[in-house]
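What follows is a short report on a single structure.
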Amino acid sequence: MSKDSPAKAPRWALWLPLVLFAGFVALVVVGLVKPKNTDIASQMVGKPLPAFTLRAAADERPGLATGDFQTGKPQLLNIFASWCIPCRAEAPVLEELRRQGVTINAIAIRDHKADLAAFLGQYGNPYARIGADDVSAVQLAIGSSGVPETFVIDGKGVIRYQHIGDIRPEQIPDIIRLLKEAQ
Amino acid sequence: MLPEIGLGLLWLAAALAGLQLLAGGLSLTANGKGMAGIVRPVAMVQGVLAAAALGILIWLFVQTDLSVKLVAENSHSAKPLMFKIAGTWGNHEGSMLLWVTVMGLGGAFVAAVERRLPEPTMMATLAGQAFVSLGFYAFLLFASNPFARLYPAPEDGNGLNPLLQDPGLAFHPPTLYLGYVGLSIAFSFAIGALITRQVGPDFARAMRPWVLGAWIFLTVGITAGSYWAYYVLGWGGWWFWDPVENASLMPWLAATALLHSASVLAARNALRAWTVMLGVVAFSMSMVGTFLVRSGILTSVHAFAVDPRRGGFILALLAIYIGGALLLFALRAATVTEGERFAITSREGALVFNNVMLSSILGITLIGTLYPLFTEAMGTKVSVGPPYFTPVSAMFAVPMFVVLIFGPMLRWRRDKFSRISPLLALPLVVAIAAGGWAFAVGVRHVLPLLGLALGPALVVASFLPLRGRSVLRAPLSLWGMVIAHAGIGVALFGMASDSAFTVEKLVAAKVGEVNQVGPWSIRLAEVAPIAGPNWTAMEGVLKARYDGGAEVTLRPQSRTFWAPLQTNAVSALKGRWNGQLYTVLGDETLSDKGESRWQLRLWWKPYVPLIWIGGLLVALGGGLALLSRVAQDLKRRMARAKGGNRRDEVAALAHGDAAKGDAA
């Protein structure tokens, strides 16, 4: 045995897989025990939008800043990305909301100009303004955890509602009602 | 009555698994050697009983026995027969029963045919297999009884998720499960070898066909699943780095690494501890993947069978089995020597590189899949998508493909690069030509360019190990390697083509309108309602011409199922030698003027079917390799049996002589 065993891993290295696995189990236990927190929304609802200024993500629309929401009129803030697949499904729904007179501003998450242009070209562009959030900084600051998400913002720039996931066609009346309530 | 019989069979099978564990374990002790005789028969009966229980559940689904809760919740009398059968495993309980059945049958098969290893190692292996099975039996019987009754029985069932009512999907989960759970055999072999400290070429040779078999099923399952997602989900993509897809990719990566390191161990008696480690990791990834999917801890588009309450149970099983195996590894691996040494420039060196790269991709996939969980524990939520997975996995995959071009031509033990470098001229020329062509037609992104250049080079290079050999006389296992590696190149070219060349168009078309996508002109001829067995649909009739050629008809549908009520798009595809036209019919929209328009999504995807053709080639290569291993084993057995007969005859003659001598 000894003649062919010069390259042995150090003893501690053999324990490494077990230690890593223990870390995995600990992580998952935390995940299982902690109640599923889908209402992060409630923490930000009722609070004003954090201050931010984002450059324009697409050539055809201006960028987005907190001030753009202080117009006296409730608006939607849609968080999306060209690489996000549910966002494609959501595009016609946003288009329908726009047709009904809703102003939709957007933040594009970690996107490239060319990809975004292709996305808007194919799925339509219902947005009044699109800000670019390249490191998800604003996304995290407003309590959004993924794409797509949509916030109802009242005329003073206060968050009134957070919708997680894509808006389905049957949810359009709810969104319209929430916008009316925000007035 | 039948459901109770099924449940009874499950309990019996579980009891036999207990006996198998006990007898197998005792047979390793000084006093319990007598127990060894029953282990193999018990393993076989256990497998048959589990299979019988699954058979009964399938029968209940076929009969649509609504007094069984599982059937009522997941089936419907109006469903076509094939989907009634597929409904058996399209839910949590049924899929877990399929899991234990595959484990049981795998163990039974090993018990019946595997005789190369020392008997104590086999006993430890079968005991290990029983130990793992036992946990899953407990999970079935205590937390997910598939035979639970429902009082009173409802008038009709809920139906199966319409996305799952597809012929491809009827056989996708069983295939994948054969792969996932087939790896449990490698896991048990690793445990058996660690317990009895028998890690050597024999162990690798005995384990290899089982890993190969599981790996083939995994390859086919992943390929089929990717194609299913491609044409059923109607998103036109073939891989989404969804947690469930990652859950199937990770065991595949580990099994691929394991296959290669087992080859090194079998041929050269090197990489001992590493091979055992991979044997443990491969099935561990199957279990972790199942857990992540089933516990609902990660949200996923695949959440068909999620139940968070059961998460704790599966986690406990994971902790026991994976934790236990890794603990055993930590305790015993130090006594398993690393084996023979080799130079860096050698077949072993290339295989070690491949192993490290495969393991790295496995690692980054695992990290990416778990990362949202990690940040959630820290209090923030994130989602990790293709922007992370694609470039980071490419970072390891690209060097691996480069080594794959020349690695198989290196000699074992030590070699000189200068010996094989003249042979590399051909793949190099092909890579430059293909890359140049891609650049010339306007591909500018780095990864698609690399893929388009490396894919064809890899295909050509894969055949180089056959040089100087008679094509017909070359061993089957060599052909297996050649075809599997070429398949990787073919699939790579398809993947790169998808990113490089796909043309996509979303239009709201009036009936009669003609749209152009890539070289195709497509006319929406009409939209008409049609009815199926359990759905109605609006069907679009598209008349498409490729580059002004002959007209072909595509019929994409927007289907509405009524049990459960759900709409989904059924895409229509038209393949050509150079790609695939992909069409989806969306909703009807009324314009402001009251005009009716239909949303149409059109894709022209050049060379994309090569992804799945490549995947199937990889599986075919595995099949050839497996065939050659089995044939070799049979030949060896026959030779031994013949030798045995001869010995018996000689003994009989000698005895006869002796008897004669006595008489005289």
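The values are calculated or read from the model by the stated rules, or taken from the named source; none is laboratory data. Just so it is clear, the model here is predicted, and its values are computed rather than measured. Cβ placement follows ideal geometry from the backbone for every residue including glycine, while neighbour counts extend to all protein chains displayed.
Here is how the numbers come out for the structure above:
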read-out: Unique match (being away from chain A (no Cβ under 14 Å), modelled with pLDDT of 85 or more and out of contact with any His (no Cβ under 7 Å at 6 or more places or on another chain)) among B:468, B:480, B:532; value: B:480
read-out: Pick from region B:598-653, criterion touching a Phe, Trp or Tyr at 6+ places or on another chain (Cβ under 7 Å) and assigned to a helix (DSSP H, G or I), ranking: surrounded by the most Cβ atoms within 10 Å (Cβ to Cβ); value: B:622
read-out: Test: residue B:483 is buried (at least 16 other Cβ atoms within 10 Å of the Cβ), out of contact with any Asp or Glu (no Cβ under 7 Å at 6 or more places or on another chain) and either in a loop (DSSP other than H, G, I, E, B) or free of Cβ contacts under 8 Å to residues at least 24 places away in the same chain (or both); value: no
read-out: Boolean, residue A:3 is farther than 30 Å from residue B:323 by Cβ and modelled with pLDDT under 80; value: yes
read-out: Which numbered condition residue B:533 fails, given (1) more than 30 Å from residue B:78 (Cα to Cα); (2) under 35 Å from the mean Cα position of the chain (by Cα); (3) of a type outside the set (Ser, Thr, Tyr); value: (1)
read-out: Selection within region A:125-167 - among the small types (Gly, Ala, Ser), touching a strand residue (DSSP E or B) at 6+ places or on another chain (Cβ under 8 Å) and either buried (at least 20 other Cβ atoms within 10 Å of the Cβ) or within 12 Å of chain B (Cβ to nearest Cβ) (or both); value: A:131, A:132, A:136, A:143, A:144, A:145, A:146, A:165
read-out: Residue satisfying condition, being surrounded by 14 or more Cβ atoms within 10 Å (Cβ to Cβ), in contact (Cβ under 8 Å) with a residue 12 or more places away in the chain, away from chain A (no Cβ under 14 Å) and part of a strand (DSSP E or B), within set B:544, B:569; value: B:544
read-out: Residue check for residue B:443: outside the structural domain of residue B:271 (by TED's automatic domain parsing), of a type in the set (A, V, I, L, M, F, W, C), modelled with pLDDT under 95 and within 16 Å of residue B:454 (Cβ to Cβ); value: yes
read-out: Leading residue by the ranking (modelled with the lowest pLDDT) among those in region B:365-381 that are more than 7 Å from every other protein chain (Cβ to nearest Cβ) and more than 30 Å from the chain's Cα centre (by Cα); value: B:379
read-out: Count of region B:239-288 residues which are surrounded by 23 or more Cβ atoms within 10 Å (Cβ to Cβ) and at pLDDT below 85; value: 1
read-out: Only one of B:60, B:54, B:70 that is surrounded by 20 or more Cβ atoms within 10 Å (Cβ to Cβ), under 14 Å from residue B:147 (Cβ atoms) and touching a strand residue (DSSP E or B) at 6+ places or on another chain (Cβ under 7 Å); value: B:60
read-out: Single condition residue B:401 does not satisfy, out of (1) of a type outside the set (A, V, I, L, M); (2) within 14 Å of chain A (Cβ to nearest Cβ); (3) surrounded by 16 or more Cβ atoms within 10 Å (Cβ to Cβ); (4) within 22 Å of residue B:354 (Cα to Cα); value: (2)
read-out: Odd one out for residue B:291, checked against (1) touching a residue at least 60 places away in the same chain (Cβ under 8 Å); (2) farther than 30 Å from residue B:631 by Cβ; (3) within 11 Å of chain A (Cβ to nearest Cβ); value: (1)
read-out: Region A:71-88, residues that are among the polar types (S, T, N, Q) and touching a residue at least 40 places away in the same chain (Cβ under 8 Å); value: A:71, A:75, A:78
read-out: Any chance residue B:461 is over 22 Å from residue B:578 (Cβ atoms), of a type in the set (A, V, I, L, M) and within 14 Å of chain A (Cβ to nearest Cβ); value: no
read-out: Filter result for residue A:89 (within 14 Å of another protein chain (Cβ to nearest Cβ) and buried (at least 16 other Cβ atoms within 10 Å of the Cβ)); value: yes
read-out: Residue ID - surrounded by the most Cβ atoms within 10 Å (Cβ to Cβ), chosen from residues in region B:314-353 that are more than 11 Å from every other protein chain (Cβ to nearest Cβ), of a type outside the set (Val, Ile, Thr) and out of contact with any Asp or Glu (no Cβ under 9 Å at 6 or more places or on another chain); value: B:351
read-out: Criterion (more than 13 Å from chain A (Cβ to nearest Cβ), modelled with pLDDT of 85 or more, surrounded by fewer than 20 Cβ atoms within 10 Å (Cβ to Cβ) and not in a helix (DSSP H, G or I)) met by exactly one of B:419, B:414; value: B:414
read-out: Criterion violated by residue B:511 - all others in (1) crowded, with 17+ Cβ neighbours inside 10 Å; (2) in a loop (DSSP other than H, G, I, E, B); (3) aliphatic (A, V, I, L, M) satisfied; value: (1)
read-out: Single match in B:110, B:62, B:71 (criterion: in contact with a Leu (Cβ under 6 Å, 6 or more places away or on another chain) and part of a helix (DSSP H, G or I)); value: B:71
read-out: Per-region count, region A:6-27, residues at pLDDT below 80 and either in contact with a strand residue (DSSP E or B) (Cβ under 7 Å, 6 or more places away or on another chain) or at the interface with chain B (Cβ under 9 Å from one of its Cβ atoms) (or both); value: 5
read-out: Residue tally, condition surrounded by 12 or more Cβ atoms within 10 Å (Cβ to Cβ) and either in contact (Cβ under 8 Å) with a residue 60 or more places away in the chain or hydrophobic (A, V, I, L, M, F, W, C) (or both), over region B:422-474; value: 29
read-out: Residue in region B:499-520 that is modelled with pLDDT of 90 or more and closer than 15 Å to residue B:427 by Cα present; value: no
